[in-house]
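Asker: Please read through the structure below; I'll follow up with questions.
The values are calculated or read from the model by the stated rules, or taken from the named source; none is laboratory data. Because the structure is a prediction, the values reported are computed rather than measured. Ideal geometry is used to build each Cβ from the backbone, glycine not excepted, and the neighbour counts take in all protein chains shown. Protein only, heavy atoms only, side chains kept; ligands, DNA and RNA dropped before computing areas. Shrake-Rupley method; radii C 1.70, N 1.55, O 1.52, S 1.80 Å.
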Amino acid sequence: MIRVEGLSHGPLEIPALVIPDGETAVIGPNGAGKTTLLRILSGITLPLHGSVRVDGIPPREQEVGWVGEYPDRNFLFDRVRDEIASSLRFRHLPCGEVDGRVREVAETLGIARLLDRSVMALSGGEKVLVALAAALASRPRLLLLDEVDSHLDADTALLSEAALRRAGCPAVVRVTGRMESALAAPHLLFLREGKVLHQGPPEAVFTALSGTAFLPPLWGCRR
């Protein structure tokens, strides 16, 4: 469980927020503070005021994975196998343990066939899956995804989401502009001007957003 208290930073003003385990989608207009919230949850950014705890522990003392909107911009190595293994090798883990974990996470995400390919030769969807594998290799307690589906076609986005769910990370918080993806998440946050205006099951949040642009396709036909 993630607990936010008295958070004030940039556009964000969040007196209190509890994010449960499982998958949480975050939606809202540009400038709402979505990426800032993810950066604070990750520990990349320390809030000016307030606190964030993951199971009672600051994010920087937890194992946290991060995948940004353009994952290939952060690749460190050319070969897929080496990119996935990077966080484990930086910890000087035994080679056999690293190789086993790389193979395990690659098979879970369905990219074992790519292990000896160059990351530069991959499609956009394959690059996202490699970045997810690298983030998941260290078995993070929390995985944060910042619009990783924004440049994927609908079919590839669905494949990526299915692979992510197979990985079984305890907590995933993802910013998305795809309302159909947000509808599939068990928990949903809607931010506007730095404030959490709605949170809860997607059906309840989208009902509260009726008449806005933040609705899944064909939502009106469901009501």
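Asker: Taking the 0 to 90 degree range and rounding to the nearest ten, how far is the long axis of helix 154-167 tilted relative to the main principal axis of the chain, both from C-alpha atoms?
Answerer: Taking Cα atoms only, the helix is inclined about 70 degrees.
Asker: Round to the nearest 10 and give me the degree value, 0 to 90, for the angle of helix 80-89's Cα axis relative to the longest principal axis of the chain.
Answerer: On a 0 to 90 degree scale, this one is about 80.
Asker: While we're looking at this one, here's another question. If the convex hull of the alpha-carbon atoms of the range 164-223 is projected onto planes in all directions, what is the mean projected area in square nanometres?
Answerer: The orientation-averaged projected area of the Cα hull of the range 164-223 comes to 4.7 nm².
Asker: Return the single residue from 31, 22, 124 with maximal mean-square fluctuation; model: Gaussian network over the chain, springs between Cα atoms under 10 Å.
Answerer: Per the Cα network of the chain with a 10 Å cutoff, 31 tops the list.
Asker: Quick one: order 206, 90, 214 from most to least accessible surface, probe 1.4 Å.
Answerer: Highest to lowest solvent-accessible surface, that is 90, 214, 206.
Asker: What accessible area per residue, rounded to a whole number of Å², is obtained for the chain using a probe radius of 1.4 Å?
Answerer: About 46 Å² of surface per residue is accessible.
Asker: Out of (1) 58, 47, 36; (2) 44, 43, 33; (3) 51, 41, 25, which label holds the value of Cα extents along the principal axes in Å that was computed here?
Answerer: Here Cα extents along the principal axes in Å agrees with entry (3).
Asker: Using packing as a proxy for protection, rank 134-145, 162-173 so that the peptide with the highest average count of other Cβ atoms within 10 Å comes first. Numbers along the way, then the final one.
Answerer: Values: 134-145: 22.2, 162-173: 16.9.
With the highest mean Cβ count within 10 Å placed first, the list reads 134-145, 162-173.
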